[in-house]
Amino acid sequence: MQRRPILSLPTGALFMLPAGIFIVAFILLPFFWIAAVSFTNRTLTGRTAVNPEFVGLDNYLRLFDASRFLNSGEFGASLLITGQFVFFSAIIGQAFLGLALAWFFFNRKGWIQNTVTTIAIIAWIMPDVVVAFAWFAFLNGDGGTLNQILGFFGLPTPDWLLDLPLVSVIIFNIWRGTAFSMLLFSSALGAIPPSYLETANVVGASTWQRLRDIILPMIRSHIVTALILITLWTFNTFTPFLLTGGGPSYQTEVVSIYTYRTAFQFFRFGSGAAVGMVMMIINLGFALVYLSLLRTQRRSA
Amino acid sequence: MASVTFHDVEKAFGTVKAVDGVNFTITEGEFVCLLGPSGCGKTTTLRLIAGLEKATGGNIQIGDLDVTHLAAKDRDIGMVFQDYALYPHMTIGENIGYPLKVRNVPTDARATRIGEVAKNLQIDKLLERRPGEISGGQQQRTSVARAVVHEPQVFLFDEPLSNLDAKLRLEARSFLKHLQREVGVTAVYVTHDQAEAMALADRIAVMNEGRIVQMAPPLEVYHRPGTTFVANFLGSPPMNLLPGKVALDGEPRFVGEAFTIPMQSHVETAVRQHLSDGAQVTVGIRPEHLDLSQDPVSGGFQGPLYALETLGPESLVTLKVGDELLTVRIFSDDAPQLADTVHAAFDPEKLHVFRENGERIPVE
């Protein structure tokens, strides 16, 4: 059946207009402005605030200056930290744990399932600042809730945010975001016809075989979607700043915090814009890889 | 191949008993249909055999093995679901071979066996395709192939024909009958379609409200329905059931609101043995055992025409007898000429008599 448009072109365009205006004003224009600024030495104060000069690729070259790329507090080091942060908290943590939880609670009803789901959703919808303060209190070195508990059992009580800052931030982010993938995977599992799993059951498949042969292939597109979203969100998230401020000594300075420090603490808008552009290109890369995965899978299905 | 035995099996969901004290033995190689309206517990019974539901009472045996507490995957069963449950991400060949794969059968042996089964089911040309690319009938055969490929002890069908269109359904029905005869495996088949049950089964178990009402060969169920429920469920259209009373004063007869049927002597003997004068009964007569008559018939029925349905090889004439409807099935490819008042006669040998509670009185 051939699809026909419901609206004529001019009417359709009219409906698009309000959203179009917002997208142009708040996304497209800033994007091009940032792209332009990234080639200048614009700052907040001083001579270059009024008369920024075109500096070509200087900002980018300084970002990728090999002699100090991986030094603490530089862009390369920040990228490495972000890589670990994304890998452990987004892919291993949120996606994997979310799938495990969804699978565990799949077809189980009762108060435990309801409680866990509710807690996970609450963790997900609470405002960043509130959550960050709660975790700050929870992880506090002396007198924090976690250390009180550990101490009660005679376990070591490190000063989490000072001794294990990256681990703390990763665990915090897993806790914060697992609900999303859990919900996504729960609905994906719920959409598998029960007879598929019952057939596997009757023909003699073990739990592991059911997961590998039936469940994972059936929810593959959901897994890809979840990975795209979680990776991008985690890559761009700024919330760790609320817990550690990027420190101590840049140990938790993910790229979003690095950008912030460059652009709004040192007020070097030109350099900050260059970092922003690089982040955007990396994001684009992630999205393209995932989208091509999704597309090859559609073709084979 | 194995027998299946139920001893007082119960399955309760909360306070609702879906299966309520079911007993039966299905012998080796037998084809049994569980027949009943939706919600009668037939699918739950099937799922209890498969191990997809856990019995809340009684015990279940497959062969000599008590499987009541055995998981589905350890029961050695082949099952065909209503929606076929073919995996969209696997080819037809992979779907058929899946039960062998989970049993770690080597790839070569697996391919040989898949080829064998697929050839037998005439789907050997489709092995490389995916379920979305083949017809409903072929999907159904694939599902059957997957259920037989590992030579299970028992074969279970959950309304496997209900997703096929009418023409294909008849074809698939003959095919299943042929296949079961050839393979000779014990089979349990759930359906709500009485024609399917009649055509396929060695024995039919008619279920209602979680219990088996009657379990007997198809013709036995047809000729001697154990209750009014069974009488009403089998046959198309179902048996005419009319309320009446036993009258033993003078000439023994059944008296209804708008009819009087004299009792044959053997009926009278049975009625005198089981019922007393004035007892409430239901008399039953199948539409195909009634015939139209030009003139009034003594001991027959008469009433105004209610509906005439011509079906080609046969016609259904419904008349109103008092407040009840009576359907007559005429085997003629011409539409009958009908007056305003229709008379119907029947073979008194074919009369069924049921107690007030619905139980059959054995009149033969």
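Figures for the structure shown
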| read-out | value |
| --- | --- |
| Per-residue mean of C-beta atoms belonging to partner chains within 10 Å, peptide A:213-224 | 2 |
| Beta bridge orientation in chain B: antiparallel %, DSSP, nearest 5 | 75 percent |
| Two-site label geometry, B:S38 and B:H266: point separation in nm, points 7 Å out along Cα→Cβ | 4.2 nm |
| Listed peptides B:182-191, A:222-231 by packing density, highest first (mean Cβ within 10 Å) | B:182-191, A:222-231 |
| Proportion of all alpha-carbon pairs of the protein assembly as shown beyond 51 Å (%) | 41 percent |
| Shape of chain B, Cα gyration tensor, a/c cut at 1.5 | prolate |
| Antiparallel DSSP beta bridges within the range B:153-216, as percent of all bridges there, nearest 5 | 50 percent |
| Shielding by other protein chains, B:102-113, mean Cβ within 10 Å | 1 |
| Other protein chain Cβ atoms within 10 Å, averaged over every residue that makes up A:203-210 | 6 |
| Given B:K42/B:K350; B:K119/B:K167; B:K167/B:K350, the pairs whose alpha carbons are separated by over 26 Å | B:K42/B:K350; B:K167/B:K350 |
| Ordering of A:193-205, B:94-106, A:146-158 by packing [mean C-beta count within 10 Å, highest first] | A:193-205, B:94-106, A:146-158 |
| FRET efficiency estimate (nearest 0.05) - Cβ-Cβ, A:L14 to B:F13, R0 60 angstrom | 0.65 |
| Approximate spin-label separation A:A36-A:I23, in nm, with each point projected 7 Å along Cα-to-Cβ | 2.2 nm |
| Among beta bridges that DSSP assigns inside the protein assembly as shown, antiparallel share in %, nearest 5 | 75 percent |
| Label point distance in nm, B:Q273-B:L70, each placed 7 Å from Cα along Cα→Cβ | 4.3 nm |
| Under the span-like rule (Cα at least 27 Å along the axis, Kyte-Doolittle mean at least 0.0), DSSP H helices of chain A | A:165-190, A:269-300 |
| Rounded to 10°, Cα long-axis angle of helix B:136-148 versus longest principal axis of chain B | 70 degrees |
| Scattering curve values for the range B:239-361, log₁₀ I(q)/I(0), Debye with Cα scatterers, q = 0.15, 0.17, 0.18 Å⁻¹ | -0.66, -0.82, -0.90 |
| Cα-based shape type of the range A:232-290, given that a ≥ b ≥ c are square roots of the gyration tensor eigenvalues and the cut on a/c is 1.5 | oblate |
| Sparse-neighbour loop sites [trypsin sites (Lys or Arg not before Pro); the range A:64-151; at most 10 other C-beta within 10 Å; DSSP] | A:R108, A:K109 |
| Cα-only Debye scattering, the range B:230-273: base-10 log of I(q)/I(0) at q = 0.22 Å⁻¹ | -0.81 |
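We did not get these values from a lab; they are worked out from the coordinates using the rules stated. Bear in mind the structure is a predicted one, so any value in this text is a computation, not a measurement. For neighbour counting, all protein chains shown are included, and Cβ atoms are generated from backbone atoms with ideal geometry for every residue, glycine included.
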